[in-house]
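Everything below concerns the one structure shown next.
Bear in mind that the values in this text are calculations on the coordinates, not laboratory data. These figures come from a predicted structure and were not determined experimentally. We place every Cβ from the backbone using ideal geometry, glycine too, and count neighbours over all the protein chains shown.
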Amino acid sequence: AKEQMGNSHCFFEKEWNSNTESKLSLTRKLRRALENDELLIYYQPKFQIASGQISGMEALLRWYDRDTGMMVPPKEFIPLAEESGLISSIGEWVLKHVCTQMKHWLEGGYPPLRVSVNLSPQQFQDDKFVDTVRRILQETGLSGEYLEFEITERVLMKNEETVHQVLRTFKEMGVFISIDDFGTGYSSLSYLKQFPIDVLKIDQSFINNITNDPDNASITSAIIQLAHNLNAEVIAEGVETEEQLHFLRDKQCDAVQGYFISPPVPPHDFAGVLKQHLV
Ligand code: C2E
Ligand code: CA
Ligand code: CA
Ligand code: CA
């Protein structure tokens, strides 16, 4: 099953290429895709090293373009959605779907996993964003403690006051906050003590060649220490090999995410992934 998933990922990386369509026609198609429910969510498990169990998953947006029969990679259409303002509606769609799915999984007897959703900076500029989140949690009946928001350092640098208040409100709802792509953003770390951060996600560019690049190895170790000193959890993304996992385990990293454990999978395949990792 693992090989099959690997292949479907390769298919998705290779076939689509950004020259095939103009920005404008893509944006138009994206809008239609949203209206016609042509977007999908894949889930990638997060693996807790100490327990050897799945502790949660990240929701990753997919767009199956029916015209071409290809998957459009998020790095092609998320920036378009951000530029065109469509990201607010897409973000709402994602959140509604993820919370509904998670509620369904919990009711179906899944262990209490936490699902994370990526947020774009533009979503924080929407005055109604907090209310939308609150409403979706209410409507789906999902408790905030099962939800985590992944934000990047870009978010924290913009409209500090507003962002601060929004994050506080999310904390009050029990929602977890993580810093995505940690280490790739801004040089100032002072925001770490200003904002209520629960998780640092070490960017995959550090993990890539962690076992033969001493610089990446020391940066990774330092981030792990930093996270623990701040009483935050730390997770490494883009873990592809056993050697990387062993390195991270030795450095006391809490969790890993990456193809070595599992690629992102469609929701109906997630039960299988969970079963593989039951101790
Ligand atoms: P990200 O949040 O940093 O997500 C991690 C990306 O790394 C995902 O790419 C994932 O499929 C990929 N990945 C996971 N494990 C491995 C591995 O072992 N090796 C390698 N090389 N890659 C791995 P994906 O799914 O293509 O998503 C790309 C980006 O699109 C995400 O980066 C995130 O910034 C954005 N994105 C995805 N879904 C959403 C969404 O719902 N909302 C927003 N605002 N952004 C999203
Ligand atoms: Ca992420
Ligand atoms: Ca990331
Ligand atoms: Ca990234």
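Exposure proxy shown here: for Thr68, Thr220, Thr132, the number of other Cβ atoms within 10 Å sets the order, fewest to most, as Thr68, Thr132, Thr220. If you model the stretch 137-178 as an ellipsoid using its alpha carbon gyration tensor, with each semi-axis the square root of five times an eigenvalue, the axes come out at 21, 11, 8 Å, biggest first. Listed by Cβ neighbour count within 10 Å, with the fewest neighbours leading, Trp93, Trp63 appear as Trp93, Trp63. Rounded to the nearest Å, what's the spacing between the alpha carbon centres of the stretch 173-212 and the stretch 59-94? Just the number, please. Rounded to whole Å, the Cα centres lie 24 Å apart. Considering only DSSP beta bridges with both partners in the chain, what is the antiparallel share in %, to the nearest 5? Restricted to the chain, the bridges split so that about 45 percent are antiparallel.
In the stretch 52-158, the DSSP beta bridges split such that about 25 percent are antiparallel, to the nearest 5.
In terms of its alpha-carbon gyration tensor, the stretch 151-208 comes out oblate; a/c meets the 1.5 threshold, while b/c is at least as large as a/b. Once a ≥ b ≥ c are taken as the square roots of the eigenvalues of the Cα gyration tensor of the stretch 174-279, is the result rounded (a/c under 1.5), prolate (a/b larger than b/c) or oblate (a/b not larger than b/c)? It comes out oblate by the Cα gyration axes.
The overall shape of the chain, judged from the alpha-carbon gyration tensor, is rounded, with an a/c ratio under 1.5.
Listed by chain and number, the lysines whose alpha-carbon sits under 25 Å from that of Lys251, ignoring those within fewer than 8 places in the same chain, are Lys46, Lys193, Lys201.
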